[in-house]
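The values are calculated or read from the model by the stated rules, or taken from the named source; none is laboratory data. All values derive from a computational prediction rather than experimental measurement. With ideal geometry, Cβ positions are generated from the backbone for all residues, glycine too; neighbour counts draw on all protein chains shown. What goes into the accessible areas is simple: the full protein's heavy atoms, side chains included, and nothing from ligands, DNA or RNA. Shrake-Rupley method; radii C 1.70, N 1.55, O 1.52, S 1.80 Å.
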Amino acid sequence: MKLSELLQFNDIVIQCHDNPDADALASGAALHWYFTKMDKKVRFIYRGNNQTQKSNLVIMLSDLAIPISYEPEFDENPELLITVDCQYGQRNVTTTTARNIAIIDHHQITVTLPEFAEVRSNIGSCSTVVWNLIREEGLDVNEDKNLPTALYYGLYSDTNRLSEISHPLDRDMLDSLTIQRSLITKMSNANISLKELKITGKAILEYEFFEDHKYLILRAEPCDPNILGVISDFSLETDSVDVCLAYYVNPYEIKYSVRSCTKEVHANELAAFLGEGVGGGGGHIYKAGGSIHPEKLVKDPAVYLKDRMAEYFNMYTILYTKDTVLDTADMSLYEKLPQEVGTVRLADIFPANTQVEIRTLEGDVVISVEDDSFLMIGIEGEVYPINQTKLLARYKSLGRPYSRSFEYSPSIKNLATGEKTDVMSHAQAVVSHGGGLIYAKPLDHCVKLFTLWDEEKYYLGNIGDYIAIRAEDEHDIYIIKKHIFPQLYKEIEPTI
Ligand SMILES: [Mn+2]
């Protein structure tokens, strides 16, 4: 959806969820700013039984002049109602009647979406979603003195002080905002009330420790989600504890934080596993979080999480390729197919020795541009550097531009000037020679694989993904996701 599609309406009400948090306040304020600029009659409201009292939010409302009003009895029938940081019809937002509905959110989709909807479930905050919509209209929120700080604080609060960010769009927003740092400090130091300090202590006192896999589960009473980060960060410092899960259950949501300090468990993957099919989770390798919809659970939430944790730790085996030799007797021989991919000659865009940061869905990579540096763009939008000699040995040019669209288009930033360039507009198509031979078979159990090139970070193979060995090197073992395997390899019929 584009925000300008909503300009056909004149009487607009923006409503965030009851008991608003910083992200709801910031995203609503940004929408209010946009529609005011477009000369619309617009109001920003919240409803429900409670008026905001949390000290950091009271500071946010006054110091950042958030234009919201508390309207528990609201009974008008506006032309357009936009629910922000929540979805119309969900239990955490008091129902307001309106002639047209729009939804702007970043949670998992739980309702039938109306025609006007922008729900980006894998993004860290609704503030980011709104910031991006405004940016796509050619406007800059930095024109306003307070909005950038509000949006920053919205993302900051929803991602445990930015530690659970996983989407590059969130990082793009952080880079672009001009904020009042002192206000962020002031708000984040009014984050915990004395009551929440007590909740933290109680959760820690009642920990459950699972010795076989060295993890802790800590249940807190419903509280601000940031408290979960405080609890899990602190508990992870315990000797002989490698992984922590802290969570609370309220009628609308089960919220959780995951922390890991062992290279054998990626917190973002465990968080995604806990929320799979019933919510969603993600973040970084060491810090992550997520949420679950209680109505989607058949079991009691505490039992569900305990079982799911045990399931996670029992379902995979760990392979360190340098000490592993796999038996190829039950594997088939495959040949690599020629692949059309993209490449960018970095020296065509930047002068030699420029430090650049490449932003992709998997994270940021910093490299220095040399005369012979190229970037490869793989079939899933993954980006990695390559030098000219290797490029020429493995690929041949097709003499035309490479055009494809991905979930997030990779971009390159010149670190000296801050100037940003999109990668795809410079990409040329090349095709790989193909022909490499591998032995492979689909996995019948999950594997965490530490490859020869990276002993710090494992690759996860799920059931159905392929485990492969290069024919000329028995230690070069890797994982290929099942959905791309047929595009990459073709089986060679055994000759009898
Ligand atoms: Mn939010």
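Of the residues 345, 135, 171, 47, ranked by 1.4 Å probe accessible area with the largest first, the sequence reads 135, 345, 171, 47. The number of Lys pairs in region 3-188 with C-alpha atoms less than 29 Å apart, excluding pairs fewer than 8 positions apart on the same chain, is 6. Put simply, when 367-375, 239-247, 50-58 are sorted by average Cβ atoms within 10 angstrom per residue, most first, you get 239-247, 367-375, 50-58. Cα to Cα, under 22 Å, and not fewer than 8 places away if on the same chain: which lysines meet these conditions relative to residue 390? Within reach: 336. Amide H contacts for residue 477 (H built 1.01 Å from N in the peptide plane; partners 5 or more residues away or on another chain; cut-off under 5 Å): 452. Taking the charge dipole of the chain about its Cα centre, with +1 at Lys and Arg Cβ atoms and -1 at Asp and Glu Cβ atoms, the residue from 138, 425, 20 reaching farthest to the positive side is 138.
To one decimal place, what Kirkwood hydrodynamic radius in Å is obtained for the chain from all pairs of distinct Cα atoms? With all distinct Cα pairs of the chain included, I get 25.1 Å. Converting phi to 3J(HN,Hα) with the Karplus coefficients 6.51, -1.76 and 1.60 and the offset θ = phi - 60°, region 445-458 yields 8, 7, 10, 9, 10, 8, 7, 4, 8, 9, 8, 8, 10, 8 Hz in sequence order, with x at every glycine or proline. Counting only protein heavy atoms and using a 1.4 Å probe, the accessible area of residue 43 comes to about 60 Å². Remark: region 3-188 projects, on average over all directions, an area of 9.6 nm² (convex hull of Cα atoms).
Remind me, relative contact order of the chain in percent, using alpha carbon pairs under 8 angstrom and six or more residues apart?
Numbers: 1046 pairs, mean separation 47.3, N = 496.
For the chain, the relative contact order is 10 percent.
The residues packed around residue 36, meaning those with a beta-carbon under 13 Å from its beta-carbon, carry a net charge of +1 if Lys and Arg are +1 and Asp and Glu are -1.
For region 349-496, the fraction of 1.4 Å probe accessible surface lying on carbon and sulfur atoms is 52 percent. Seen from residue 124, the other residues with C-beta closer than 11 Å to its C-beta sum to a net charge of -2, counting Lys and Arg as +1 and Asp and Glu as -1.
These residues, 409, 291, go from largest to smallest accessible area, 1.4 Å probe, as 409, 291. Residue ranking by accessible heavy-atom surface, 1.4 Å probe, largest first, among 284, 266 comes out as 284, 266.
Report the calculated FRET efficiency for residue 5 and residue 95 (r = Cβ-Cβ distance, R0 = 25 Å), to the nearest 0.05. Plugging the Cβ-Cβ distance into 1/(1 + (r/R0)^6) gives 0.60. Solvent-accessible surface of the chain, averaged per residue with a 1.4 angstrom probe and all protein chains in place: 46 square angstrom. A cut-off of 5 Å between modelled amide H atoms, ignoring neighbours fewer than 5 places along the same chain, links residue 50 with 19.
For the chain, what does -39500 (n - 2.57) per DSSP helix run (n ≥ 4), summed and divided by total residues, give at 222 nm, in deg cm²/dmol to the nearest 500? The partial results should precede the final answer.
Values: 12 runs with 124 residues, N = 496.
That calculation yields -7500 deg cm²/dmol at 222 nm.
Label sites at residue 63 and residue 325, each approximated as a point 7 angstrom past Cα along Cα to Cβ, lie 6.5 nm apart. Counting heavy atoms of the protein chains alone, residue 364 has an accessible area of about 60 Å² for a 1.4 Å probe.
Taken over the alpha carbons of region 194-315 as equal point scatterers, the Debye sum produces base-10 log I(q)/I(0) values at 0.15, 0.16, 0.20, 0.23 Å⁻¹ of -0.58, -0.67, -1.09, -1.47. Solvent-accessible area of region 3-188 (1.4 angstrom probe, protein heavy atoms only): carbon and sulfur portion equals 45 percent. Phi angles across region 426-436 convert, under the Karplus curve 6.51 cos²θ - 1.76 cosθ + 1.60 with θ = phi - 60°, into 3J(HN,Hα) values of 9, 7, 10, 7, 9, 10, 7, 5, x, x, x Hz, Gly and Pro given as x. Rounded to whole Å, give me the distance from the Cα center of region 33-79 to that of region 410-462. Taking the Cα centre of region 410-462 as reference, the centre of region 33-79 is 45 Å away. Applying the Karplus relation 6.51 cos²θ - 1.76 cosθ + 1.60 with θ = phi - 60° to region 125-139 yields 3J(HN,Hα) values of 8, 5, 3, 5, 4, 5, 4, 5, 4, 5, 4, 5, 8, x, 9 Hz, where x marks Gly and Pro. Pop the C-beta distance of residue 367 and residue 403 into the FRET formula with R0 = 30 Å and round what comes out to the nearest 0.05. For residue 367 and residue 403, the calculated efficiency is 0.80.
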